[in-house]
1. If Tyr112 satisfies every condition in (1) among the aromatic types (Phe, Trp, Tyr); (2) in contact (Cβ under 8 Å) with a residue 40 or more places away in the chain; (3) part of a strand (DSSP E or B) but one, which is the exception?
2. With modelled with pLDDT of 95 or more, over 30 Å from Ala166 (Cα atoms), of a type in the set (S, T, N, Q) and in contact with a helix residue (DSSP H, G or I) (Cβ under 8 Å, 6 or more places away or on another chain) as the only criterion, which of Thr223, Thr229, Thr190, Thr184 stands out?
3. Tell me yes or no: at least one residue of region 360-371 is buried (at least 18 other Cβ atoms within 10 Å of the Cβ), out of contact with any helix residue (DSSP H, G or I) (no Cβ under 9 Å at 6 or more places or on another chain) and within 19 Å of Ile283 (Cα to Cα).
4. Within region 389-438, take every residue that is among the acidic types (Asp, Glu) and surrounded by fewer than 19 Cβ atoms within 10 Å (Cβ to Cβ) and give me the one that is nearest to Arg366 (Cα to Cα).
5. Exactly one condition in (1) over 25 Å from the mean Cα position of the chain (by Cα); (2) touching a residue at least 60 places away in the same chain (Cβ under 8 Å); (3) surrounded by 14 or more Cβ atoms within 10 Å (Cβ to Cβ) is not met by Asn132; state its number.
6. Could you figure out which of (1) free of Cβ contacts under 8 Å to residues at least 60 places away in the same chain; (2) of a type outside the set (A, V, I, L, M); (3) in contact with a helix residue (DSSP H, G or I) (Cβ under 8 Å, 6 or more places away or on another chain); (4) on the phi > 0 side of the Ramachandran plot isn't true of Arg271?
7. Taking the stated definitions as given, is Ser116 in the same structural domain as Gln335 (by TED's automatic domain parsing), at pLDDT below 90 and surrounded by fewer than 20 Cβ atoms within 10 Å (Cβ to Cβ)?
8. Mind checking which residues of region 169-191 are out of contact with any Leu (no Cβ under 9 Å at 6 or more places or on another chain) and of a type in the set (A, V, I, L, M)?
Amino acid sequence: MSSPPASVISRYVEDLDLPDGHLLLANLLWRTFVELSSREAEAWKALGGQRSFPGRLPDDLLGRLREGKMLLDSSLDELGFIAERYRRSRFAPVGLGLTIAPTLDCNLACVYCYESKRVGRMSREVEKAILNYVERELPGRKALSVTWYGGEPLMCQETICRLTEAFLRIAESAAATYDAHVITNGYLLTPAVADRLEQLGHWRGIQVSIDGNAASHNVKRPTKAGGPTFERIVANLDSAARRLPVTVRVNVDLLNPQSCHQLLEQLVDMRLAPHVRVYFAPIHPFGKGCRDIAERESVKVCTNPEFAGIEVGLVCRATQLGFKTRPAFEGPWLQQCQAVSTHSVVVEPDGGLQRCWIEVGEDDKRVGHIAQPLEITSRNNMRWLRFDPTRIDRCRDCRALPVCMGGCPKRHVDGAPEEFLCNQIRYNLKEIMALEYLAKHRPECLPKLGQQLGVV
């Protein structure tokens, strides 16, 4: 038995006791897991969690720890690696990203909506300017990725179809891949519309938001006339999810966690668990249009530490029911938000450009216009490009950095309070880590883990 003196324990290793007495190790930077027996766990814990490696371990365990990158060469600067890769990826001309809002109008009147609604649709002139932009910027890049946003983007189906067909031609000519995402409230996602989207193809995801069961959802997401929307959205979901890659975003506050559990049960009864991915998001006072939601009786905002506990229960239950959830450790590696990338912009209906889609409709935050050259050093651009979590002390020192990469840049830019600044993964890291591992490798242990976490 020996321990090479050059080895150190990675600064991003987390461990969690599993229900059967085993110990799970996860390296948050290198996205690796190592499961230890109870005897191996004792040897690991005897090291005391220090970064230096003073202990002696069996050779076979040492080999597994090195292979799983729990032990690293002492010359490797992990934080420096993260910083370099982060800066390189945000400026690298590899792909081109567009978030397009063909309208800021919407058919719903969600009580917490952060946008200032405006009637109007994207003109053919703006469509042409977008295509000119893509034709100019895409050559030499490997991928074009488009997200359809709003308002409610499905109010502008003709724009989506026209531009998609043109994007496909441009991408083919540039030898680049193409994929798309749409963020919709689902009310207009009828079987006929789903047919049309299916024919266009190349969808990376169709996101539909639902706020718990019918009683909770209809209060939070009514029509403009105040009518219910739940039954129609769920019926549309039932059709679309069987032929399109649908994700259900479940919006959560302190009033509706139980109704979110009931929604999961209803989707299971509809046999949709194999066909949809679910993820859970906190309702927060994000943008300019929703700063008064604390005064609404129908919404009770939860802080990120509060949401972290709720999320664990929901993810655990969803996993037990057979849903795929959004993986914390298998998603894009060290990914930066599009708002701080030089190769991604948000296009408003009149051609105005934003960095962050939460600021859509805020004219004073614009960074340019799609028909004009972008001034990268303008004041509004630089407020985003100065953001770098590897230069923020609280982020540099946080073991969750490789997973959250600082969380939402807008909250840093706006000076959000601490309880909304740090991503919830900081507070439920070990539990989410265990759920993700067991779902993939040892699903038979999920019920025991649920009991351990207090999830019925």
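The values are calculated or read from the model by the stated rules, or taken from the named source; none is laboratory data. Computed from a prediction, not measured in an experiment: that's the story for all the values here. Quick reminder, even Gly has a Cβ in these numbers, built from the backbone with ideal geometry, and neighbours come from all protein chains shown.
1. (3)
2. Working: Thr223 fails: in contact with a helix residue (DSSP H, G or I) (Cβ under 8 Å, 6 or more places away or on another chain); Thr190 fails: over 30 Å from Ala166 (Cα atoms); Thr184 fails: over 30 Å from Ala166 (Cα atoms).
Exactly one residue qualifies, and that residue is Thr229.
3. yes
4. Initial filter on region 389-438 (among the acidic types (Asp, Glu)): 393, 397, 414, 418-419, 431, 436.
Now restrict to residues that are surrounded by fewer than 19 Cβ atoms within 10 Å (Cβ to Cβ): 393, 397, 414, 418-419.
Numbers: Asp393: 29, Asp397: 33, Asp414: 15, Glu418: 27, Glu419: 28 Å.
So the residue we want is Asp414.
5. Of the numbered conditions (1) over 25 Å from the mean Cα position of the chain (by Cα); (2) touching a residue at least 60 places away in the same chain (Cβ under 8 Å); (3) surrounded by 14 or more Cβ atoms within 10 Å (Cβ to Cβ), the odd one out for Asn132 is (3).
6. (3)
7. Numbers: in the same structural domain as Gln335 (by TED's automatic domain parsing): yes; at pLDDT below 90: yes; surrounded by fewer than 20 Cβ atoms within 10 Å (Cβ to Cβ): yes.
For Ser116, the condition - in the same structural domain as Gln335 (by TED's automatic domain parsing), at pLDDT below 90 and surrounded by fewer than 20 Cβ atoms within 10 Å (Cβ to Cβ) - is met.
8. Of everything in region 169-191, those that are out of contact with any Leu (no Cβ under 9 Å at 6 or more places or on another chain) and of a type in the set (A, V, I, L, M) turn out to be Ala175, Ile183.
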